[in-house]
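Written out below as structure tokens is the structure these notes cover.
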Amino acid sequence: MGKRIISQARGKGSFSYRVRRKAYTIKLKYPPRLEGEGTVIKLINSPGHTAPIAKIKSNKGIFYISAFKGMIEGQNIKFNGKEIKDGNIMKIKDMPIKTPIYNLESRPGDGGVFVKTGGSSASVNRIVGNDIFILMPSKKEKKFNPECRAVIGIIAGTGRLDKPILKAGKQFYIKKSRNKLWPRTSAVKVNVVDHPFGSGRGKRIKSKIAKRNAPPGKRVGLLRPRRTGKRN
């Protein structure tokens, strides 16, 4: 009896190739409407996230956000005020230029979708009429609605990538906590039973074009490209 090749097993979505739900049960978003103050109840270590998670109690209930650098338990944070202080959640139209921010909303009231990785932050770059331009961590500028909210500060976990991963075992457990496929092996370097491109023969491969509705295991190479070959 044969066995599934890795690309088929991943496509099927078995427990070996599926994200652990427990690592992502916490949604890092704030409620659509926030007023007054909130209190940081607890700081949580989550293997599925790159920064500590802050559990915050407000008059709208309990919600979770990424902790900022220097956050402590029992700290009070303000919502929709005018005070520029780390941890406060407010509209970007009320922030001065060069303010570091994170957990930025794409549309007003969606709870924050941009800049959530540990150690990262964006900044208010310029204001042109009713548009506010934010300098993202990628050093690219993006236009936002002035009513969008964000958290002031820098996400905790700065320097996360500075320390090298010296042992393969450490990388193994980092990937395992998120069920990532690791180590990744080049397709032409594996055995013929493990991949359609496998075996030592036929290294001068022509590009393979897989059908759009091909099953897992056949979806390798170029997936329904609009065109192939050199452009004249």
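The values are calculated or read from the model by the stated rules, or taken from the named source; none is laboratory data. Note that the structure is predicted; figures quoted are calculated from it, not measured. Every residue, glycine among them, receives a Cβ derived from its backbone with ideal geometry; neighbour counts consider all protein chains shown.
Hey, I6 hits all of (1) within 24 Å of T99 (Cα to Cα); (2) modelled with pLDDT under 90; (3) touching a His at 6+ places or on another chain (Cβ under 8 Å) but one; which does it fall short on?
Result: I6 fails condition (1) only.
State yes or no: is P196 surrounded by 11 or more Cβ atoms within 10 Å (Cβ to Cβ), assigned by TED's automatic domain parsing to the domain that holds L135 and at negative phi?
no
Quick one: F133 ticks every box in (1) part of a loop (DSSP other than H, G, I, E, B); (2) without any contact (Cβ under 8 Å) to a residue 12 or more places away in the chain except a single one, so which number is it?
With (1) part of a loop (DSSP other than H, G, I, E, B); (2) without any contact (Cβ under 8 Å) to a residue 12 or more places away in the chain applied to F133, the lone miss is (1).
Let's see how each residue does on (1) closer than 26 Å to T50 by Cβ; (2) surrounded by fewer than 17 Cβ atoms within 10 Å (Cβ to Cβ); (3) within 23 Å of the chain's Cα centre (by Cα); (4) not assigned by TED's automatic domain parsing to the domain that holds Y64:
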site: N76; (1), (2), (3), (4): yes, yes, no, no
site: F79; (1), (2), (3), (4): yes, no, no, no
site: I84; (1), (2), (3), (4): yes, yes, no, no
site: I89; (1), (2), (3), (4): yes, no, yes, no
site: I101; (1), (2), (3), (4): yes, no, yes, no
site: S106; (1), (2), (3), (4): yes, yes, yes, no
site: G119; (1), (2), (3), (4): yes, no, yes, no
site: R126; (1), (2), (3), (4): no, yes, no, no
site: N130; (1), (2), (3), (4): no, yes, no, no
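Just the residues that are touching a strand residue (DSSP E or B) at 6+ places or on another chain (Cβ under 8 Å) and without any contact (Cβ under 8 Å) to a residue 60 or more places away in the chain, please, taken from region 65-86. Let's see the steps before the verdict.
Within region 65-86, the subset touching a strand residue (DSSP E or B) at 6+ places or on another chain (Cβ under 8 Å) is 65-69, 71-82, 84-86.
Correct list: I72, E73, G74, Q75, N76, I77, K78, F79, G81, K82.
Any residue in region 160-175 that is part of a loop (DSSP other than H, G, I, E, B), within 22 Å of Y64 (Cα to Cα) and aliphatic (A, V, I, L, M)? So that I can check it myself, show each step before the final result.
Filtering region 160-175 down to residues part of a loop (DSSP other than H, G, I, E, B) leaves 160-167.
Still in the list and also within 22 Å of Y64 (Cα to Cα): 160.
Among the residues that remain, those that are also aliphatic (A, V, I, L, M) are: none.
Scanning region 160-175 turns up no residue that is part of a loop (DSSP other than H, G, I, E, B), within 22 Å of Y64 (Cα to Cα) and aliphatic (A, V, I, L, M).
Given (1) under 30 Å from K85 (Cα atoms); (2) not in a loop (DSSP other than H, G, I, E, B), where does G157 come up short, assuming only one miss?
Of the numbered conditions (1) under 30 Å from K85 (Cα atoms); (2) not in a loop (DSSP other than H, G, I, E, B), the odd one out for G157 is (2).
Of N232, N179, which residue is of a type in the set (S, T, N, Q) and under 30 Å from the mean Cα position of the chain (by Cα)? Break it down stepwise before answering.
Values: N232 fails: under 30 Å from the mean Cα position of the chain (by Cα).
Unique residue meeting the criteria: N179.
Before we move on, is K170 modelled with pLDDT under 85 and farther than 25 Å from Y102 by Cα? Quick ask: steps written out before the conclusion?
Working: modelled with pLDDT under 85: no; farther than 25 Å from Y102 by Cα: yes.
No; evaluated as a whole, the condition is false for this residue.
Among the numbered criteria (1) farther than 16 Å from Y102 by Cβ; (2) crowded, with 16+ Cβ neighbours inside 10 Å, which one does S14 miss?
If we test S14 against (1) farther than 16 Å from Y102 by Cβ; (2) crowded, with 16+ Cβ neighbours inside 10 Å, just (2) comes out false.
Within the set of pairs 6+ apart or on separate chains, which have a first residue in region 32-54 that is under 24 Å from T117 (Cβ atoms), a second that is of a type in the set (S, T, Y) and part of a loop (DSSP other than H, G, I, E, B), and C-beta atoms under 6 Å apart?
The qualifying pairs are P47/S177; T50/T117; I53/S46.
Scan region 30-43 and give yes if some residue there is exposed (fewer than 14 other Cβ atoms within 10 Å of the Cβ) and of a type in the set (D, E), otherwise no.
Checked against the condition, which is being exposed (fewer than 14 other Cβ atoms within 10 Å of the Cβ) and of a type in the set (D, E), region 30-43 yields at least one hit.
Cβ-Cβ distance below 6 Å, separation of 6 or more or different chains: which pairs start in region 137-158 with a residue that is without any contact (Cβ under 8 Å) to a residue 40 or more places away in the chain and end on one that is surrounded by 15 or more Cβ atoms within 10 Å (Cβ to Cβ) and assigned to a loop (DSSP other than H, G, I, E, B)?
These pairs meet every condition: P137/S120; K142/M136.
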